[in-house]
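The values are calculated or read from the model by the stated rules, or taken from the named source; none is laboratory data. Bear in mind the structure is a predicted one, so any value in this text is a computation, not a measurement. For neighbour counting, all protein chains shown are included, and Cβ atoms are generated from backbone atoms with ideal geometry for every residue, glycine included.
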Amino acid sequence: MKLHDQIFKLDSKDQFEKLALRIFEYQIENCAVYRGYVEMLNRPEPKTIQEIPFLPISFFKSHKVISGDQIHDILFKSSGTTGERSSHFVQDLSIYECAFNSIYEQQIGSPEGQVILALLPNYLEQGESSLVYMVEHLIQRTKTRMSGFFLNDYKGFIEQYNLAINKKKHVVIFGVSYALLDLAELKPDLSKATIIETGGMKGRRKEITKNELHLKLQQGFNCKNISSEYGMTELLSQAYSNQNGVFNQPAWMKILIRDVNDPLSYVQDGKKGGINIIDLANINSCSFIATQDLGRVSNNQFEILGRFDNSDIRGCNLLLQ
């Protein structure tokens with residue numbers, strides 16, 4: 001069975017580790033950027049996933065991170081709020097679609113029969129967004145004209161929500177944080193919806209903690225819970241939190257927490273550190289990414305605790321020198 005075909009059929013920790021190590025071997029052979037990075041660290045033969053070198057996520061801004069054939073189906077770019085945008089050259093869209101459809105169905109439900117409303121104005125305006133591609137695909141699967149994207153038409157958004165609720169539909173709302181806060185100031189009752197914030201103020205509002213954000217949204221929307229989606233341009237997989245800010249990952253994705261001051265070592269479960277992600281769906285780019293997010297892992301679930309500041313990122317910078 002080919003490596004690609006094994007990604008979505010994992011059912012044990014041992015299978016995951018064996019496949020991750022095989023994909024590591026494939027990527028150092030076929031991804032020149034990752035191979036160069038591994039050679040620089042002189043760690044070409046890891047025996048466990050903890051020994052695998054993780055590529056700093058900033059490489060997606062400065063290099064073309066792709067394994068094998070340089071031809072790609074689509075180019076996704078990050079929202080670019082801090083200048084240069086990250087680029088993900090996706091060779092096989094079917095892998096991305098399989099990943100996000102499977103994860104959504106496992107953690108949110110089947111789109112068929114749902115109404116999906118999206119408040120993602122900055123992603124729509126900038127274009128080339130993997131999040132917009134995913135949500136648009138999910139909207140198409142709902143097979144109803146009630147689903148759709150909204151830019152800044154909050155009145156129309158609220159009317160569409162009420163129409164769907166009156167027709168006894170399960171409404172799922174995807175929204176970037178600042179747009180949801182703008183909507184919450186209108187105090188609409190969205191208590192019957194599943195509300196999924198995708199994070200980020202995108203330079204439109206002051207950054208606040210996740211807890212503060214969720215409290216403001218709960219109060220503004222008269223709802224008991226806010227869900228979250230954790231994904232990024234550089235990944236093909238996502239994680240969802242349905243309550244308490246605790247995220248669940250699919251079987252082909254794993255979160256490791258690295259020591260802030262020593263990026264080649266890891267902290268114990270429950271301890272805060274930098275988030276390393278193994279995303280086996282990234283087989284055609286790099287599956288081993290060191291992010292700039294802070295978090296902690298417990299019982300195979302994880303939390304997002306913030307971002308590195310300039311002092312925190314010292315350990316990662318050492319790897320780039």
Checklist entry - What do you reckon, is SER12 modelled with pLDDT under 95, of a type outside the set (A, V, I, L, M) and not assigned by TED's automatic domain parsing to the domain that holds LEU280? => result no
Checklist entry - Given (1) within 30 Å of GLY200 (Cβ to Cβ); (2) in contact with a Ser or Thr (Cβ under 8 Å, 6 or more places away or on another chain); (3) of a type in the set (Phe, Trp, Tyr), where does TYR26 come up short, assuming only one miss? => result (1)
Checklist entry - Yes or no: THR198 at pLDDT below 95, assigned by TED's automatic domain parsing to the domain that holds GLN107, at negative phi and buried (at least 21 other Cβ atoms within 10 Å of the Cβ)? => result yes
Checklist outcome for this item: In segment 19-56, anything part of a loop (DSSP other than H, G, I, E, B) and within 16 Å of ALA281 (Cα to Cα) is listed as CYS31, PHE54
Checklist entry - Is there a residue in segment 172-183 that is at pLDDT below 95, crowded, with 16+ Cβ neighbours inside 10 Å and aromatic (Phe, Trp, Tyr)? => result yes
Next on the checklist: Just checking, does segment 255-278 include any residue being touching a Pro at 6+ places or on another chain (Cβ under 9 Å) and assigned to a loop (DSSP other than H, G, I, E, B)?
Outcome noted: yes
Item to check | All positions within segment 154-178 that are of a type outside the set (Ser, Thr, Tyr), within 23 Å of SER79 (Cβ to Cβ) and under 23 Å from the mean Cα position of the chain (by Cα) | outcome: VAL172, ILE173, PHE174, GLY175, VAL176
Next on the checklist: I need the full set of residues from segment 137-153 which are buried (at least 18 other Cβ atoms within 10 Å of the Cβ) and either touching a residue at least 60 places away in the same chain (Cβ under 8 Å) or under 20 Å from the mean Cα position of the chain (by Cα) (or both), in order please.
Outcome noted: LEU138, ILE139, PHE149
Item to check | Selection from segment 22-42 of residues that are in contact with a helix residue (DSSP H, G or I) (Cβ under 7 Å, 6 or more places away or on another chain) and in contact (Cβ under 8 Å) with a residue 12 or more places away in the chain | outcome: ARG22, ILE23, TYR26, GLN27, ILE28, VAL33, TYR34, VAL38
Checklist entry - Could you say whether any residue in segment 61-75 is under 20 Å from TRP252 (Cβ atoms) and within 17 Å of the chain's Cα centre (by Cα)? => result no
Item to check | Some residue of segment 281-295 being in a loop (DSSP other than H, G, I, E, B), in contact (Cβ under 8 Å) with a residue 40 or more places away in the chain, buried (at least 23 other Cβ atoms within 10 Å of the Cβ) and not assigned by TED's automatic domain parsing to the domain that holds ILE28 | outcome: no
Checklist entry - Which of the residues that make up segment 23-53 are in contact with a Pro (Cβ under 8 Å, 6 or more places away or on another chain), surrounded by 15 or more Cβ atoms within 10 Å (Cβ to Cβ) and of a type outside the set (Ser, Thr, Tyr)? => result PHE24, ILE28, VAL38, PRO46, ILE52, PRO53
Next on the checklist: Criterion first (surrounded by fewer than 16 Cβ atoms within 10 Å (Cβ to Cβ) and of a type in the set (Asp, Glu)) does ASP92 satisfy it?
Outcome noted: no
Checklist outcome for this item: Filtering segment 29-45 down to residues that are more than 19 Å from LEU264 (Cα to Cα) and among the charged types (D, E, K, R) yields GLU29
Checklist entry - Can you find even one residue in segment 10-20 that is farther than 30 Å from ASN299 by Cα and charged (D, E, K, R)? => result no
Checklist outcome for this item: Restricting attention to segment 109-119, the residues that are in contact with a helix residue (DSSP H, G or I) (Cβ under 9 Å, 6 or more places away or on another chain) and surrounded by fewer than 22 Cβ atoms within 10 Å (Cβ to Cβ) number exactly 3
Checklist entry - Could you count how many residues in segment 227-246 are among the hydrophobic types (A, V, I, L, M, F, W, C), buried (at least 20 other Cβ atoms within 10 Å of the Cβ) and part of a loop (DSSP other than H, G, I, E, B)? => result 3
Checklist entry - Which residue, of GLU105, GLU97, is surrounded by fewer than 19 Cβ atoms within 10 Å (Cβ to Cβ), in contact (Cβ under 8 Å) with a residue 12 or more places away in the chain and not β-branched (Val, Ile, Thr)? => result GLU97
